Amino acid sequence: VDLLYAVVGEGTRRLSSMREGDVSRLTGPCGHGWWIPEPYGRALLVAGGIGLPPVSAAAGMLAEAGVGFDIVVGARTGAMLPREALDRLAELGGGSAKLMVCTDDGSAGRKGFTTDVVRELLKASSYGCVYACGPNVMMAAIAQLAAEYGTACQVSLERMMGCGFGACSCCNVALAAGGYALCCQDGPVFDAREVAW
């Protein structure tokens, strides 16, 4: 089990101070993860900033199932892109995966946003599904592009999850059909069409 986190509050501060041999409890798995829709088709993975770990998990799942994919990774600057993670993605994709990097400032890869590259790829190729994780504004735009090109789209949402099992209701996700879902139990992965962006 790998735990990836950013220190943003008391809980993650405590995690960051743990040393080898320290003990903690873990509840899981909770919620719902990525899935492979049928019919299978080549997938397009899109990671923005902190969305790289969940998208890497999707890449592993797809590789294990024998589903090919292309990858778009974006960040504000090249310094924010972990080389090992990009190498791992390329390795999972085998020789057939295209890995496209873009940065807001142009310091690595192409200058621009993930949405620019995704639009070009959806226009030029047919994908069975788009898998996206990153800033909410990016995922909303990716969801809109996927809908425009008639492509299924899954998004892994980021919410503050106080309890992780649906009791506190602080991880609400507004739904397009009305009402709310809980990110911790109903997600964090949702069909992009279900979310009220």
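The values are calculated or read from the model by the stated rules, or taken from the named source; none is laboratory data. Since the model is a prediction, treat every value here as computed from it, not as a measurement. Because the Cβ atoms are built from the backbone with ideal geometry, glycine has one as well, and the counts that use them run over all protein chains shown. Protein only, heavy atoms only, side chains kept; ligands, DNA and RNA dropped before computing areas. Shrake-Rupley method; radii C 1.70, N 1.55, O 1.52, S 1.80 Å.
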Exactly one of 184, 153, 170, 163 is outside any loop (DSSP other than H, G, I, E, B) and either of a type in the set (D, E, K, R) or within 20 Å of residue 9 (Cα to Cα) (or both), and that residue is 184
List pairs: first in the stretch 72-92 and over 15 Å from residue 62 (Cβ atoms), second open to solvent by 40 Å² or more (accessible area, probe 1.4 Å) and outside any loop (DSSP other than H, G, I, E, B), Cβ under 8 Å, 6+ apart or cross-chain?
-> 73/99; 73/100; 74/49; 75/49; 76/49; 80/49; 85/53; 86/99
What number goes with the only condition from (1) in contact (Cβ under 8 Å) with a residue 60 or more places away in the chain; (2) in contact with a helix residue (DSSP H, G or I) (Cβ under 9 Å, 6 or more places away or on another chain); (3) crowded, with 18+ Cβ neighbours inside 10 Å; (4) on the phi < 0 side of the Ramachandran plot that residue 171 does not pass?
-> (1)
Exactly one of 20, 38, 84 is within 23 Å of residue 126 (Cβ to Cβ) and among the acidic types (Asp, Glu), and that residue is 38
Identify the residue in the stretch 8-34 that is among the small types (Gly, Ala, Ser) and assigned to a helix (DSSP H, G or I) and, among all such residues, is modelled with the lowest pLDDT.
-> 11
Do you know which residues across the stretch 128-147 are touching a residue at least 24 places away in the same chain (Cβ under 8 Å), assigned to a helix (DSSP H, G or I) and among the β-branched types (Val, Ile, Thr)?
-> 142
Report yes if residue 135 is closer than 17 Å to residue 190 by Cα and surrounded by fewer than 21 Cβ atoms within 10 Å (Cβ to Cβ), otherwise no.
-> yes
Among the residues of the stretch 188-197, which ones are buried (at least 21 other Cβ atoms within 10 Å of the Cβ) and either in a helix (DSSP H, G or I) or modelled with pLDDT under 95 (or both)?
-> 192
Is it fair to say residue 76 is farther than 20 Å from residue 158 by Cβ and either surrounded by fewer than 17 Cβ atoms within 10 Å (Cβ to Cβ) or out of contact with any strand residue (DSSP E or B) (no Cβ under 9 Å at 6 or more places or on another chain) (or both)?
-> no
Within the group 3, 15, 26, which residue is free of Cβ contacts under 8 Å to residues at least 40 places away in the same chain, open to solvent by 80 Å² or more (accessible area, probe 1.4 Å) and more than 16 Å from the chain's Cα centre (by Cα)?
-> 26
Exclusive hit being open to solvent by 20 Å² or more (accessible area, probe 1.4 Å), in contact with a helix residue (DSSP H, G or I) (Cβ under 6 Å, 6 or more places away or on another chain) and either closer than 21 Å to residue 37 by Cβ or in contact (Cβ under 8 Å) with a residue 12 or more places away in the chain (or both), set 150, 166 | 166
Is there any pair linking a residue in the stretch 29-41 that is touching a residue at least 60 places away in the same chain (Cβ under 8 Å) to one that is of a type outside the set (Val, Ile, Thr) and open to solvent by 100 Å² or more (accessible area, probe 1.4 Å), with Cβ under 9 Å and at least six apart or on different chains, and which?
-> 30/165; 41/126
If the Cβ limit is 6 Å and pairs must be 6+ apart or interchain, which residue in the stretch 179-197 that is closer than 18 Å to residue 57 by Cβ pairs with which residue that is part of a strand (DSSP E or B) and open to solvent by 30 Å² or more (accessible area, probe 1.4 Å)?
-> 189/32
